[in-house]
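The values are calculated or read from the model by the stated rules, or taken from the named source; none is laboratory data. Source: prediction; values computed, not measured. With ideal geometry, Cβ positions are generated from the backbone for all residues, glycine too; neighbour counts draw on all protein chains shown. Calculation scope for accessible area: heavy atoms of the full protein, side chains included, ligands and nucleic acids excluded. Shrake-Rupley method; radii C 1.70, N 1.55, O 1.52, S 1.80 Å.
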Amino acid sequence: DGDETILVSTMRERAKARAVARNPNVSVCVLDEQWPPTYLQVYCHAEIDTDEERAVDLMMAIAGVMAGAPLDASVRPLVAQGAKNEDRVALRLRPYATFETPPRHVYNESDINPSLTHWTSTSLPWNADTDAG
């Protein structure tokens, strides 16, 4: 949702929404699908958005990404009914910091040498690029 908000679609009664209701300070872990494994942890302030139209907008957008193309408006009533049946809400996550771990991997014996190093992970403010200037 622009550069400052991550949106997550979930059911109101699922653990994600209940966790946000208990404590709006959350984290999201984004796993890299490439090998070697690495991840980005995003720390956020969260809120539950119960607006039904925004929940449907989000479901339409997510389904479009999954389908590889935006959905035709003709399916919106079906998506809206699904959102209503599942009591869907949107979680609005406003990131404030990140934490990443660098990938290091041994692919074969020759990778074990003096240049194989490890270092600590890094925590950065969410908008570190814009703050640096």
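Annotation: of all residues in the stretch 16-56 being in a helix (DSSP H, G or I) and over 23 Å from ALA97 (Cβ atoms), the one that is most open to solvent (accessible area, probe 1.4 Å) is GLU52.
Against the conditions (1) in a helix (DSSP H, G or I); (2) within 30 Å of SER123 (Cβ to Cβ), PHE99 satisfies every one except (1).
VAL89 fulfils the conditions (1) open to solvent by 50 Å² or more (accessible area, probe 1.4 Å); (2) part of a strand (DSSP E or B); (3) over 30 Å from VAL106 (Cα atoms) except for a single criterion, (1). For ASN25, the criteria (1) of a type outside the set (Phe, Trp, Tyr); (2) modelled with pLDDT of 90 or more; (3) within 23 Å of ALA63 (Cα to Cα) hold in every case but one, which is (3).
Taking the conditions (1) at pLDDT below 95; (2) loosely packed, with under 15 Cβ neighbours inside 10 Å; (3) among the β-branched types (Val, Ile, Thr) in turn, VAL75 satisfies each one other than (1). Scanning the stretch 59-92 for residues being over 16 Å from GLU13 (Cβ atoms) and out of contact with any Lys or Arg (no Cβ under 8 Å at 6 or more places or on another chain) gives a total of 22. Residue check: THR38 meets all listed conditions (1) touching an Asp or Glu at 6+ places or on another chain (Cβ under 7 Å); (2) at pLDDT 95 or above but one, namely (2).
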